[in-house]
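The values are calculated or read from the model by the stated rules, or taken from the named source; none is laboratory data. Treat the numbers as computed from the prediction; the structure is a model and nothing was measured. Cβ: placed from backbone, ideal geometry, glycine included. Neighbour counts: every protein chain shown.
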Amino acid sequence: MTPPRASLSLTVLIFLSVYITSDLLYKVIMPLLNKEKNQATAGILVVDSNRKIVSLNRKFIELWNLPKHVVVSRDDEQALEFASSQIEKPTSFIKQVRELYWQTKLEIHDIITLKDGRMLERYSQPQWSDTKYAGRVWICREVE
């Protein structure tokens, strides 16, 4: 089983966002990223090194049924707590996610079973700026 793939242009935009100044990021790159990621078939979440949500697309919000207050907060911990309430095994889910944030070099590719019977394929990898950890990208899609 291969990890879910975002489009090439989306992958390039995510990669570039780690290496550019914040002014350029918010004026030029983020509008392009937002357009591309909202057309993606996978749910995409980008979190910085402080676990602040930098970006997410509509599909991610839909897959996880995230309420507006969680999305607006940009707080990854809030999103994690909400998401875990939908998982069949929430304790192991939270433990695994926290381990990925602590062990920044790790990647994950697995299947998550939700309480409503849906299964989500999950892929996550760290993002780096030179040798410094810059955050993490999460990609999820529904398994049919």
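Miscellaneous remarks
To keep it simple, each residue is scored yes or no on (1) within 16 Å of the chain's Cα centre (by Cα); (2) closer than 19 Å to Leu56 by Cα.
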site: Glu99; (1), (2): yes, no
site: Asp116; (1), (2): no, no
site: Tyr123; (1), (2): yes, yes
site: Lys132; (1), (2): no, no
site: Cys140; (1), (2): yes, yes
site: Glu144; (1), (2): no, no
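- Within the range 112-137, residues that are under 16 Å from Pro90 (Cβ atoms) reach partners that are assigned to a loop (DSSP other than H, G, I, E, B) and not aliphatic (A, V, I, L, M) with beta carbons closer than 6 Å, at six or more positions or on different chains, in the pairs Thr113/Glu88; Leu114/Gln86; Lys115/Gln86; Lys115/Glu88.
- Index of the failed condition, Thr104 passing every other in (1) at pLDDT below 95; (2) part of a helix (DSSP H, G or I); (3) over 22 Å from Leu120 (Cα atoms): (2)
- Enumeration of residues in the range 78-88 that are more than 14 Å from the chain's Cα centre (by Cα) and either farther than 27 Å from Lys68 by Cβ or hydrophobic (A, V, I, L, M, F, W, C) (or both): Phe82, Ile87
Here's the yes/no breakdown for (1) modelled with pLDDT under 95; (2) buried (at least 16 other Cβ atoms within 10 Å of the Cβ):
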residue	(1), (2)
Pro67	no, no
Leu80	no, yes
Ser85	no, no
Ile108	yes, no
Lys115	no, no
Arg118	no, no
Ser124	yes, yes
Asp130	yes, no
Tyr133	yes, no
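- Positions within the range 87-106 being aromatic (Phe, Trp, Tyr) and either farther than 22 Å from Ser49 by Cβ or surrounded by fewer than 17 Cβ atoms within 10 Å (Cβ to Cβ) (or both), in sequence order: Trp102
- The listed residues are Arg74, Arg118, and the only one of them that is on the phi < 0 side of the Ramachandran plot and not aromatic (Phe, Trp, Tyr) turns out to be Arg118.
- Screening the range 69-93 for residues that are among the charged types (D, E, K, R) and part of a helix (DSSP H, G or I) and picking the one that is farthest from Gly135 (Cα to Cα) gives Glu81.
- Residue in the range 57-64 that is over 19 Å from Arg136 (Cβ atoms), at pLDDT 55 or above, surrounded by 13 or more Cβ atoms within 10 Å (Cβ to Cβ) and within 15 Å of the chain's Cα centre (by Cα) present: yes
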